[in-house]
Amino acid sequence: MTKPASPPTATPTESESGTPLKRAIGPKLLILFVVGDILGTGIYATTGKVAGKVGGALWLPFAIGFVVALLTAASYVELVGKYPKAAGAALYTQKAFKVPFLTFIVAFMVMCSGLSSASAAARAFGGDYFSEFADVPPVLVAVLFILALAALSLRGVSESVKANVVMTVVELTGLLIILGIGAYAVLTGGGEPSRLGEFHTEGSGFALMTGVLGATALGFFAFVGFEDSVNMAEETKDPTRTFPRAIFVGVAVTGTIYILVALVSSLLVDYRVLEGSSGPLLEVVKAGGTDFPPKLFTLIALFAVSNSALINLMMASRLCYGMANERILPRAMGRVLAGRQTPITGILFTSALAIGLVSTGEIEGLGDTTAFLLLCVFAVVNVAVLVLRRDRVGHQHFRTPTALPVLGAITALLLASPLAERPAEVYIRAGVLVCIGVLLWGVNKLVLRAAKE
């Protein structure tokens, strides 16, 4: 899940009226927010596709992804403590490299990652989870789902931390149900423990390595979201002290849950069954030997992916609006709907892109696209933290050991590289999205130049 982001380069501590944002988020709320930011579509929808890449040892890609997430989280913790403002990766990129075009590309990639994540959620919504209630073509359901969320956004859906906590509890409940089913199966002698060490990749050790890398790259989709919690920096009490604990605890909690859910999934369901389902955790519920009603779990899963999609679409439209206000996208992209005061052009533009994405691939490809885009951003952030070591600030803050951002950059680039054996469609999809951004950047430059003349 993702929190709506602030403009990529404008990071004021006060609004235009001069009123500062209220610092209302304490340590406990921030931890819950981080957990809620990470939980969502990834674990509910892509578990089966990860299993298809690696086999019964489904837990391993999530364990590796957990470590990679912690490495990058350490860089974000240092940077948010050093610059407690709400623009995230774009702010750090601009401060480190001072190249506006690179800053724009990073901001646009973050926006596009939100769109591909929402599109993956839409495909998950229209797949096996929805088919428990009605038999409708998945693509049609996904498109209607995006349109419904766009209409909801136009009406002015407001987000609050307390609402996010409620959503987090519902999503977390679904995963705890899976763990409870797994515990019951173990205690009653159910499941097949031998699956946990099975790799379906055949061939040399190199083939095994690339297979695991590919599974990890896709599984990393489940960990995205923690990076957007930095957008709450200006509304957090004592962010320099609060963020380190919140981000590390949040990533640790979700990572532990993900690994346990992966273990239970492989224990109870063959990886081939998981791979063939767009609602893999529903298969776990059905195979668990309990009387838990599958339709109730389906409702929880549908809520989880809906919430994830809605917040990602909101983030993308607001980021589009912010970039237009900063004059790095055409000014028309920042138009606001009268009366509702919602960014109508941003919502229409991002929703159109999301519908296009829904039509280009399924959950695996869209989730992999999200992970690829953010892995590229993470590589930049890990380098930025090293570059910004020369920039001294007048307050104490967390400083991560130098080895961690170095390893973070290397692992992010490794998972983003062709060694991860992702389909060509992922690179094409990501490339087309970035080209759309570059085209808009170029059009905006021409308009601004013509206005000056």
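Structural remarks
- The helix-based estimate of mean residue ellipticity at 222 nm for the chain, built from -39,500 (n - 2.57) per DSSP H run of four or more residues and divided by its residue count, is -22500 deg cm²/dmol to the nearest 500.
- Cross-link pairs LYS95/LYS445; LYS82/LYS452; LYS28/LYS98 - those with Cα-Cα distance over 32 Å: LYS82/LYS452; LYS28/LYS98
- The chain - accessible surface per residue (Å², probe 1.4 Å): 39 Å²
- Trypsin sites (Lys or Arg not before Pro) within segment 378-453, DSSP loop, no more than 15 other Cβ atoms inside 10 Å: ARG392, ARG399
- Modelled spin-label separation between PHE206 and VAL434, with each label point placed 7 Å from Cα along the Cα-to-Cβ direction: 2.6 nm.
- Angle in degrees between helix 363-387 and the longest Cα principal axis of the chain, rounded to the nearest 10: 50 degrees
- Helix 138-155 axis, angle to the chain major axis (alpha carbon atoms, nearest 10°): 40 degrees
- Taking 7 Å steps out from each Cα toward its Cβ at HIS395 and LEU102 produces label points 2.7 nm apart.
- Share of carbon and sulfur in the accessible heavy-atom surface of segment 308-453 [1.4 Å probe, %]: 64 percent
- Theoretical gain in end-to-end length, VAL136 to ARG331 [0.36 nm per residue, Cα-Cα removed]: 66.3 nm
- With each label modelled as a point 7 angstrom along the Cα→C-beta vector, the TYR427-LEU187 pair spans 5.0 nm.
- Checking every one of the GluC sites (Glu not before Pro) in segment 170-209 against DSSP loop status and a limit of 11 other Cβ atoms within 10 Å picks out GLU202.
- Solvent-accessible area of segment 165-215 (1.4 angstrom probe, protein heavy atoms only): carbon and sulfur portion equals 70 percent.
- The phi-based Karplus calculation (6.51 cos²θ - 1.76 cosθ + 1.60; θ = phi - 60°) puts the 3J(HN,Hα) values of segment 257-271 at 4, 4, 5, 5, 4, 5, 4, 4, 4, 5, 4, 9, 10, 4, 4 Hz, whole numbers, x for Gly and Pro.
- Derived scalar couplings ³J(HN,Hα) [segment 343-358; Karplus, 6.51 cos²θ - 1.76 cosθ + 1.60; whole Hz; x for Gly, Pro]: x, 4, 5, x, 5, 5, 5, 5, 5, 5, 4, 4, 5, x, 5, 4
- With respect to the chain, whose longest principal axis is taken over its alpha-carbon atoms, helix 100-124 is tilted by about 30°.
- Rel. contact order, % - alpha carbon contacts under 8 angstrom, at least six apart, the chain: 35 percent
- Phi to ³J(HN,Hα) by Karplus 6.51 cos²θ - 1.76 cosθ + 1.60 over segment 323-336, Hz, x for Gly, Pro: 5, 5, 5, 7, 6, 9, 10, x, 4, 4, 5, x, 5, 10
- Each Lys and Arg adds +1 at its Cβ and each Asp and Glu adds -1 at its Cβ; summed about the Cα centre, segment 32-136 shows a dipole of about 540 debye.
- Cβ charges +1 (Lys, Arg) and -1 (Asp, Glu), total dipole of the chain, debye: 1760 debye
The values are calculated or read from the model by the stated rules, or taken from the named source; none is laboratory data. Keep in mind that this is a model prediction, so the values were computed, not measured. In this analysis, Cβ positions are derived from the backbone assuming ideal geometry, glycine residues included, and neighbour counts consider all displayed protein chains. Areas reflect the complete protein model, heavy atoms only, side chains present, ligands, DNA and RNA absent. Shrake-Rupley method; radii C 1.70, N 1.55, O 1.52, S 1.80 Å.
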